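Enquirer: Sending over a structure as C-alpha cells; questions will come in a sec.
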Amino acid sequence: DQQVKQNSPSLSVQEGRISILNCDYTNSMFDYFLWYKKYPAEGPTFLISISSIKDKNEDGRFTVFLNKSAKHLSLHIVPSQPGDSAVYFCAASASRSGNTPLVFGKGTRLSVIA
Amino acid sequence: DTGVSQDPRHKITKRGQNVTFRCDPISEHNRLYWYRQTLGQGPEFLTYFQNEAQLEKSRLLSDRFSAERPKGSFSTLEIQRTEQGDSAMYLCASSFPKSGMNYEQYFGPGTRLTVT
C-alpha cells in the first residue's frame with residue numbers, strides 16, 4: 001500500500017520551460033511535505049518543503065503547491081535548466097502525531113533538454 | 001558544516017557474512033535516521049534515533065539488522081548473515097527539529113551494499 005505516489009516515472013522538458021512534477025498521497029495524517037532531488041551515486045538533497053497550514057511555498061525557481069482536499073502536491077521549476085536533470089522524490093511525514101520518519105514516493109526522473 | 005558522512009561508500013560481501021556501516025550526522029543534529037533504497041524505489045524507513053535512544057523500527061528491519069547510536073553522535077547499522085535481498089543503498093539522514101514540528105532531514109551519500 002503506497003501512501004505517497006508519483007505516477008510519472010519520467011518527464012522531459014526543454015530548457016527554459018516550466019517543469020511540473022506531481023505527487024499524490026493517501027494518508028490524511030500527513031502534515032509536512034518535502035521534495036528531494038537525487039543525482040546518481042549521491043544521497044537525496046533537500047529542495048523545498050511545505051506545511052499543511054500553507055498551500056504554496058516558493059524558493060527561487062522552485063515552488064511547491066499543496067491541495068489538501070485533493071491530497072495532491074506539485075513542484076514547479078521555472079525556468080528549467082539542464083542541471084535540474086535528476087530524480088525528484090516527494091516525501092511526507094505525520095509530524096504532528098509524533099511520527100517523524102519520511103514516507104517517499106518512487107520518484108520522477110526529470111530530463112531537461114538544452 | 002561538513003554534512004552527513006557515511007562509510008564505506010561501497011561494500012561487496014558474500015552471502016552469509018556480517019557487514020557494518022557507519023554514519024556521522026551533522027554535529028548539532030539530535031535525530032538520526034536509516035533508510036534503504038532499492039532500484040526504482042524511493043528510500044524506505046528502517047529506524048531512527050533521538051540522541052542515543054532508538055525510538056522506532058520499521059517492520060523492514062528484520063532480526064538480522066541492528067542499529068546503535070551509543071553516545072548520541074555517530075551510528076552503526078549491522079547486518080548479520082547477509083542475504084542477496086539485502087543488496088541496496090543504505091542511506092543515513094539527520095535532523096534537528098526546530099521550535100515548530102516541521103524539519104528537514106539531510107541525507108548522506110549512502111553506502112551501496114552488494115551481496116554476492
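Where a number appears in this text, it was derived from the coordinates with a stated rule and is not lab data. Since this is a predicted model, take the numbers as computed values, not measurements. Glycine gets a Cβ as well: all are built from the backbone with ideal geometry, and neighbour counts include every protein chain shown.
Enquirer: Compactness ratio of segment A:3-114: Cα Rg over 2.2 N^0.38 Å, N = residue count?
Expert: Computed over Cα atoms of segment A:3-114, the ratio equals 1.02.
Enquirer: Given a cut-off of under 8 Å on Cα pairs at least six residues apart, what relative contact order in percent is computed for segment B:26-76?
Expert: RCO, segment B:26-76: 29 percent.
Enquirer: Dipole of segment A:6-81, Cα-centred, from +1 at each Lys and Arg C-beta and -1 at each Asp and Glu C-beta, to the nearest 20 debye?
Expert: 80 debye
Enquirer: With each label point set 7 Å from Cα along the Cα-Cβ vector, what nm distance links B:Glu52 and A:Glu42?
Expert: 3.6 nm
Enquirer: Net charge near A:Ala114: determine it from the other residues with C-beta under 14 Å of the C-beta of A:Ala114, scoring Lys and Arg +1 and Asp and Glu -1.
Expert: Overall, the nearby charge balance is -1.
Enquirer: Compute for segment A:61-114: radius of gyration divided by Kirkwood radius, i.e. Rg/Rh, restricted to C-alpha atoms, rounded to two decimals.
Expert: Dividing the radius of gyration by the Kirkwood radius yields 1.05.
Enquirer: Which distance in Å, rounded to a whole number, links the C-alpha centroids of segment B:1-71 and segment A:1-44?
Expert: Taking the Cα centre of each part, segment B:1-71 and segment A:1-44 sit 23 Å apart.
Enquirer: Which cross-chain or sequence-distant (5 or more) residues have an amide H under 5 Å from the amide H of B:Arg31, H modelled 1.01 Å from N in plane?
Expert: It is B:Asn51, B:Ser95, by chain and number.
Enquirer: Let me ask something else about it. For the peptides A:82-93, B:57-68, A:34-45, what is the packing order when you average, over each peptide's residues, the other Cβ atoms within 10 Å and list the highest mean first?
Expert: A:82-93, A:34-45, B:57-68
Enquirer: In whole Hz, what ³J(HN,Hα) sequence does segment A:68-82 give by Karplus (6.51, -1.76, 1.60; θ = phi - 60°), x for Gly and Pro?
Expert: Working through the residues one at a time gives 5, 5, 8, 6, 9, 9, 9, 10, 10, 10, 8, x, 6, 10, x Hz.
Enquirer: Can you give the log10 of the normalised intensity I(q)/I(0) at q = 0.10, 0.15, 0.16, 0.17 Å⁻¹, computed with Debye over equal Cα scatterers of the protein assembly as shown?
Expert: -0.46, -1.01, -1.14, -1.25
Enquirer: Now for a separate question. Explain nothing, just compute: Karplus ³J(HN,Hα) = 6.51 cos²θ - 1.76 cosθ + 1.60, θ = phi - 60°, for every residue of segment B:10-15 in order, whole Hz, x for Gly and Pro.
Expert: 9, 9, 10, 9, 8, 3
Enquirer: With a cut-off of 15 Å, note down the residues of segment B:23-48 whose backbone N falls inside the zone around a label point 7 Å from the Cα of B:Ser87 toward its beta carbon.
Expert: B:37-40
Enquirer: I want the local charge near B:Tyr48. Using Cβ-Cβ distances under 15 Å, sum +1 for each Lys or Arg and -1 for each Asp or Glu among the other residues.
Expert: 0
Enquirer: May I pose another question? Measure off 7 Å from each Cα along the Cα-to-Cβ vector at A:Lys5 and A:Ser74, then give the distance between these two points in nanometres to one decimal.
Expert: Distance between the two pseudo-spin positions: 1.7 nm.
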